[in-house]
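Read-outs: derived from the displayed coordinates by stated rules, not from any lab. Keep in mind that this is a model prediction, so the values were computed, not measured. As a convention, Cβ positions derive from the backbone with ideal geometry for all residues, glycine included, and neighbour counts pool all protein chains shown.
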Amino acid sequence: MRRFEILLPLQLNDGSAVPPAALHRVLDEVRKRFGAVSFETQTIHGAWENQGAVFRDDLSRLFVDVTDTPENIAWFVGFKEQLKADFQQLDLWVTSHPISVH
């Protein structure tokens with residue numbers, strides 16, 4: 001098994017709030033694909049630097065445990081690109097790690 005985690009922005013690059021419906025569409029898409037999804041509503045505050053400029057983000061965390069296959073990894077790679085466009089982001093943090101479920 002492999003856990004994928006996605007930090008989803010709560011604001012677009014122009015500072016406006018991401019519509020709740022947009023977040024729900026992401027959750028629905030992952031749930032429909034893998035049969036489950038989890039989402040934390042607490043706000044994660046982040047800061048990062050790009051070309052000397054500091055950016056601050058408010059984020060939420062989506063996570064899902066899936067079978068560790070090349071197809072699932074490829075799906076998340078493509079999904080990241082879709083999310084970057086949908087949420088108007090320079091980049092989006094998608095991580096994964098192997099897990100054992102007992």
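Laid out as a table, the results:
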quantity: Least to most buried among ILE44, ILE6 (fewest other Cβ within 10 Å first); calculated: ILE44, ILE6
quantity: Label of the coordinate-derived value, Cα extents along the principal axes in Å, listed as (i) 43, 34, 25; (ii) 32, 28, 23; (iii) 42, 29, 24; calculated: (iii)
quantity: Per-residue HN-Hα couplings for segment 73-82 [Karplus 6.51, -1.76, 1.60; θ = phi - 60°; Hz; x = Gly/Pro]; calculated: 4, 4, 4, 5, 4, x, 4, 4, 4, 4
quantity: For GLN11, distant residues with modelled amide H under 5 Å away; calculated: VAL18, ASP58
quantity: Amide H within-cut-off set for TRP93, under 5 Å, with H built and near neighbours excluded; calculated: LEU7
quantity: Isotropically averaged projected area of segment 1-44, using the convex hull of Cα atoms (one quarter of hull area), nm²; calculated: 3.7 nm²
